[in-house]
1. Determine whether region A:331-346 contains at least one residue that is within 27 Å of the chain's Cα centre (by Cα), in a strand (DSSP E or B) and charged (D, E, K, R).
2. Here's a check for you: in region A:351-366, which residue that is of a type in the set (S, T, N, Q) and free of Cβ contacts under 8 Å to residues at least 40 places away in the same chain is farthest from the other protein chains (Cβ to nearest Cβ)?
3. Of all residues in region A:36-73, how many are touching a residue at least 40 places away in the same chain (Cβ under 8 Å) and aromatic (Phe, Trp, Tyr)?
4. Would you mention how many residues in region B:9-47 are of a type in the set (Ser, Thr, Tyr), within 8 Å of chain A (Cβ to nearest Cβ) and farther than 18 Å from A:ARG315 by Cβ?
5. Only residues that are within 26 Å of A:PRO332 (Cα to Cα) and in a loop (DSSP other than H, G, I, E, B): list them for region A:163-186, please.
6. Give me a count of the residues in region B:66-88 that are facing chain A (nearest Cβ under 8 Å) and among the acidic types (Asp, Glu).
7. Show me the strands (runs of 3 or more DSSP E) found entirely inside region A:32-150 where at least 2 residues are of a type outside the set (Lys, Arg) and within 26 Å of B:MET26 (Cα to Cα).
8. Considering every residue within region B:49-63, establish whether at least one is buried (at least 22 other Cβ atoms within 10 Å of the Cβ), within 13 Å of the chain's Cα centre (by Cα), assigned to a loop (DSSP other than H, G, I, E, B) and at pLDDT 95 or above.
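The values are calculated or read from the model by the stated rules, or taken from the named source; none is laboratory data. Because the structure is predicted, anything quoted here is derived from the model rather than measured. Note: ideal-geometry Cβ built from the backbone for every residue, glycine included; neighbour counts use all protein chains shown.
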Amino acid sequence: MSTDTHTEDHVYVVGAGHAGGELAFALRQQGYTGPLTVIGEEAHLPYQRPPLSKAYLKGECEAPSLYLRQQAAYEKANIGLLLSRRVERIDRAGKKLVFDDGREVKYSKLALATGGRARRMTINDAARAERTKNFHYLRSIDDVMAIRSRFEAGQRLVIVGGGYIGLEVAASAIARDLNVTVLEALPRVLARVTAPQMSAFYEQVHRNAGVDLRTNVEVTGLEFNAAGDAVTAVHCTGGVVIQADLVVVGIGLLPNTEVAQAAGLDVDNGIVVNEHAVTSDPHIVAAGDCTNHPSLFCGRRIRLESVPNAVEQARVAAAYLAGKPRVYDSVPWFWSDQYDLKLQMTGLSQGYDQFVLRGSMENKSFAAFYLKEGRLIACDAVNRAQEFMIAKRMVAACKPFDPAALADETVPLKTLAPPVQAATAPA
Amino acid sequence: MSIRLNVVDRNGGEHEVETAPEGSLMETLRELDYGVAAICGGMCSCATCHVYIAPEWLDKLPARQSDEGDLLAELQFRQDNSRLSCQVQLKPEYNGLRLTLAPEE
């Protein structure tokens, strides 16, 4: 066992995902010039995960194009990388990180960007299935590399879970002429994140594209080949059996909070941070999918699984570490690309009491507004990029809007929105 | 083979950036420590890779597609020479292209 003998500043970023990568560069931009190292469990440089279920799955791009920045950028910014390394423990009293191989390093400040991992199936056959070659979760480049090797025309793909990951994989698979079945345990797809009208729209789109989409269906078991190295069928409630050449499971994400919790940091569905992205230890910040943070916009604590949140919160965390604290006050937003549908979402629709549709679902061009007690809290825009940009301002305004006007396409949305602030920009 | 871009950062600093004439302009700008956020990674969904193209180069680039124009239309710092750099594919003939990074919204 060797102990690193750093006695000066050394900022370590634990987690080399979108938040971790962004945090390191943001810290340099904020003026921190001391030693800085990013630690990641995967072998890859920090990369974008959204294309994993889309372009990368379809084989339209390769791993290096997913990297947030190439190796040279880290060298130029003097950011160290410890990849394929796992932090086992944080010794807060000694301000040390202990790796799984027993090695230790001393930190002056620490940033946790540990992200999340795919939620695993809990049925009895799941553990066995995870050891086969054709049963996969989808979170990492390595997961998708394995899926891609079987992602061929005619293959029977069973997707467990009708959330964004599952539906994006379905759309990618249809584009590659696989035979696709989606199984959703709840009565509708996207049930946790959107309105029944939106769920119905996406269900129709997928069925029209040729997906065998089944709701209210739970997986009860899996069937294996004689050698036991492949899943051959998925058993569902009601005795239904679906033959499978490939199974992809997308049933949610669990935040990686165990190391933080073991170190005694406050954890409650995420590592608890304040508005400056600081944990219950003032020497430790956290950012991204792993955090439970106060949302000024929502008026409550939330945990988000989103790239914009990862990037923007990482910048706030970096600002704090650089001694220039600022408040994280972003309005959540998300996107999802399926088939010819560009879905952009702003705000959080949970708790809405009124749904207002502007435009036509039939024409695949609309904006869905969510109101709560008259106040606009969220908007889902499909193939309406400009209205999405306007809706972002409207949702951020935390104001009531007239539902009739929102629905009326003869009223330009822009006339309802707060004006864009006058700007003077460099020429 | 590579081309050179003249990039003006948000503080007015001028940089000569050497890059391969392939992929999008955003992918080159993302590598710079003063570069663009490019949150959506080139899906034309976020408008965080906004740049101003020098007037003499504007006509040499292909016209905006509808999504790009739609996103740009609502930006606070939009100008007539605004482009989303993820929608500009680099080519050998862009050697010398001059652009300014737009302020972050």
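1. yes
2. A:SER360
3. Of the residues in that region, 2 qualify.
4. Qualifying residue count for the region: 1.
5. Within region A:163-186, A:GLY163, A:GLU184, A:LEU186 qualify.
6. 3
7. A:36-39, A:80-82
8. Yes, the conditions are met somewhere in region B:49-63.
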